Structures are given as C-alpha cells and as structure tokens.
Amino acid sequence: MGYVDGYILPIPKKNLKAYRRLAQQAGKIWREHGALDYKECAGDDLKTKMGVPFPKSAKTKAGETVIFAYIVFKSRAHRDRVNAKVMKDPRLANMGDEKSMPFDCKRMVYGGFKVLVEV
C-alpha cells in the first residue's frame, strides 16, 4: 500500500490566485522528484450537516476558505526520499519565506498517512 502526506489550511479567499500559482510550482517540483500524485483542492461545498465541517476544524475566519491537499507516494521510505530532495530544491526556497506566503503557515495542519484502503 502507498503513503500520503496530507494537509489542510485556512486561506483568505482573496489569496486563492496567488496560492494556486505557488501550488502549481510546488506540485511540479514534487512530481519531478518522484511523487506519484499531487492535489490541492479549494473548499467548495463545506456546509455539511454531518461530522465537523472543514471550516470549523480549520478555524476559518470571515472571508477564508479551506485548502485540502495531498501528495501520494509508494511508501513512507519513498516519501522521505522525495521530500528530502524537494527540501533541497532551490526552486522551493525561491518561492518565498513563511511571512510572504498567501496563508498563515502556523495554521496549517499536516501529517503522513499509511494508505488503509485503496480501491
């Protein structure tokens, strides 16, 4: 079974275009270094009546939405190798520092996950 890095982050809706540009660049870098898939998704239908809605979980503020994203790898070891290469890639460093990001990096939730079911 595979391995997935996943994250959610709240983002001001006005910053979605800038975030999309960064995400497209980042996705290319991850794919070039071996990631199997890279998806960045902007919240659309978030007013669910079951469970905890993403906006509540991400503690969004007025004018914000949620990004749900994931990167797919062959295994955790593969993820570790790919991420090590990505972190050394100068293009990633050139994307800007934490303060210039179109979202608050401190509010991002991230984790690595073993694939439990794959259909």
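With a 10 Å radius around each residue's Cβ, average the other Cβ atoms per peptide and rank 63-69, 92-98, 44-50, highest first. Each step should come with its number before you reach the end.
Working: 63-69: 18.0, 92-98: 10.9, 44-50: 7.9.
Ranked from most to least packed, the peptides come out as 63-69, 92-98, 44-50.
Treating each Cα of the chain as one equal point scatterer and applying the Debye formula with no solvent, the log10 of I(q)/I(0) at q = 0.12, 0.13 Å⁻¹ comes out as -0.47, -0.55. Modelled label positions at residue 1 and residue 81, each set 7 Å beyond Cα in the direction of Cβ, lie 2.2 nm from each other. A simple spin-label model places pseudo-atoms 7 Å from Cα toward Cβ; at residue 74 and residue 52 they are separated by 3.6 nm. Using the Karplus relation 6.51 cos²θ - 1.76 cosθ + 1.60 with θ = phi - 60°, the per-residue 3J(HN,Hα) values for region 110-115 come to 9, x, x, 9, 6, 5 Hz, with x marking Gly and Pro.
Read-outs throughout are calculated quantities, based only on the coordinates presented, and are distinct from any laboratory measurement. The structure displayed is predicted, hence computed values, not measured ones. For neighbour counting, all protein chains shown are included, and Cβ atoms are generated from backbone atoms with ideal geometry for every residue, glycine included.
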